[in-house]
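Everything below concerns the one structure shown next.
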Amino acid sequence: MHPINNTSFFKSFILKSSLLTIFIGFFSFYIFITLIFSGSYMYLADGSSTGTLDILKFSIFTSFNFDIDDLSLKSNVYYFLILFLHQIFALIITIVFTSAVVLKFFYLPKFFEFKNKCNYLEESDELIVTLYNSININVTNCHIRVYGREESFDINNTKSLININNNNPIFEKIYPFMEMHLATRLRIKLDKGDVLYKWMKENKIEDKKLDIIILVEANVSKIDSAVYEIHKYSIDSKDIKKTVDFYGPKSIDLDYDDFSKSKGWSEFDE
């Protein structure tokens, strides 16, 4: 079902936030559980010789997973239960904090979703590739190149591969903005006599395969590394219609206020 949203609230927050913001956010969580469990320890210590400063010190060290001697509350049956819960919460926050740092600096989600098939529009001799940004983060300066790679035979008559169009892109364009849930169509114009024209128009290719390879490079705000994604359509001459629909793509009636509510997404892959 389209449009797909590949950004959960947690991922979106982490990817958009600076390291300082992430650190302050998780430090606040540590302090919060420190205060919560300090209150519990103070309640258990009511009437004992254990001081407030000792309880706060113990709770802070436990929240940050540092080793410290137990409080002198072992005689209370609830002490070890509360201590166990305290350590569990501290461990969970530590794991989530570590995951946030890894997500921020070492992981990039999948940004672009592609239509299952290409479309061939016979009236204008265009091969159309449709995609959209599925991440709730601004994507700018999106450089898209499309290449074709066909099965061939080398000088020894053995199977090989050749990049069509003399190794040059069959389509290349830079899009200033790729906003979330806004479908983009790459219209690849076919010239009479070129390889793609023979595949789509003349349909005279016998027992061959052709790959349409899309390279996407883009800049993303708040992320230190650039986006680089590759998508491939493999076309088999024996059954071209498994990869190419020989009609135009379905229209999407754009909602300018909220792209995800645009009408026609249910037929995106048709």
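Every residue, every condition in (1) of a type in the set (Val, Ile, Thr); (2) touching a residue at least 24 places away in the same chain (Cβ under 8 Å); (3) touching a helix residue (DSSP H, G or I) at 6+ places or on another chain (Cβ under 8 Å), yes or no:
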{"position": "Leu56", "(1), (2), (3)": "no, no, yes"}
{"position": "Tyr79", "(1), (2), (3)": "no, yes, yes"}
{"position": "Ile93", "(1), (2), (3)": "yes, yes, yes"}
{"position": "Val96", "(1), (2), (3)": "yes, yes, yes"}
{"position": "Ser99", "(1), (2), (3)": "no, no, no"}
{"position": "Leu108", "(1), (2), (3)": "no, yes, no"}
{"position": "Val139", "(1), (2), (3)": "yes, yes, no"}
Taking first residues from the stretch 1-24 that are not assigned by TED's automatic domain parsing to the domain that holds Val102 and second residues anywhere that are of a type in the set (Phe, Trp, Tyr) and assigned to a helix (DSSP H, G or I), the pairs with Cβ under 6 Å that are 6 or more apart or on different chains are His2/Trp265; Pro3/Trp265
Of the residues in the stretch 63-84 that are at pLDDT 85 or above and among the aliphatic types (A, V, I, L, M), the one that is surrounded by the fewest Cβ atoms within 10 Å (Cβ to Cβ) is Leu81
Condition check: at pLDDT 90 or above, more than 17 Å from Lys117 (Cα to Cα), of a type in the set (Ser, Thr, Tyr) and touching an Asp or Glu at 6+ places or on another chain (Cβ under 8 Å). Does Tyr228 satisfy that? yes
### Query
Out of all the residues in the stretch 199-211, is one or more in the same structural domain as Glu123 (by TED's automatic domain parsing), under 17 Å from Phe114 (Cα atoms) and touching an Asp or Glu at 6+ places or on another chain (Cβ under 9 Å)?
yes
- Residue check: is Thr140 among the hydroxyl-bearing types (Ser, Thr, Tyr), surrounded by fewer than 16 Cβ atoms within 10 Å (Cβ to Cβ), in a strand (DSSP E or B) and modelled with pLDDT of 90 or more? yes
Screening Tyr233, Tyr197 for residues that are of a type in the set (Ser, Thr, Tyr) and part of a helix (DSSP H, G or I) leaves only Tyr197
Could you go through the stretch 78-87 and let me know if any residue there is within 27 Å of Asn6 (Cα to Cα), touching a Leu at 6+ places or on another chain (Cβ under 9 Å), in the same structural domain as Ile14 (by TED's automatic domain parsing) and in a helix (DSSP H, G or I).
no
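Being in contact (Cβ under 8 Å) with a residue 40 or more places away in the chain and either loosely packed, with under 14 Cβ neighbours inside 10 Å or touching a Leu at 6+ places or on another chain (Cβ under 9 Å) (or both) narrows it down to one of Ile188, Ile213, Ile174, so name that one. Let's see the steps before the verdict.
Values: Ile213 fails: either loosely packed, with under 14 Cβ neighbours inside 10 Å or touching a Leu at 6+ places or on another chain (Cβ under 9 Å) (or both); Ile174 fails: in contact (Cβ under 8 Å) with a residue 40 or more places away in the chain.
After applying the criteria, what remains is Ile188.
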The condition of being at pLDDT below 95, surrounded by fewer than 16 Cβ atoms within 10 Å (Cβ to Cβ) and on the phi > 0 side of the Ramachandran plot holds, among Asn156, Asn165, only for Asn165
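Take Tyr233 and decide whether it is at pLDDT 85 or above, loosely packed, with under 15 Cβ neighbours inside 10 Å and not basic (Lys, Arg).
On the way: at pLDDT 85 or above: yes; loosely packed, with under 15 Cβ neighbours inside 10 Å: no; not basic (Lys, Arg): yes.
In short, no.
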The one condition Tyr30 fails out of (1) free of Cβ contacts under 8 Å to residues at least 12 places away in the same chain; (2) crowded, with 17+ Cβ neighbours inside 10 Å; (3) hydroxyl-bearing (Ser, Thr, Tyr) is (1)
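The values are calculated or read from the model by the stated rules, or taken from the named source; none is laboratory data. Because the structure is predicted, anything quoted here is derived from the model rather than measured. Cβ coordinates were reconstructed from backbone atoms using ideal geometry, including for glycine residues, and neighbour counts include every protein chain displayed.
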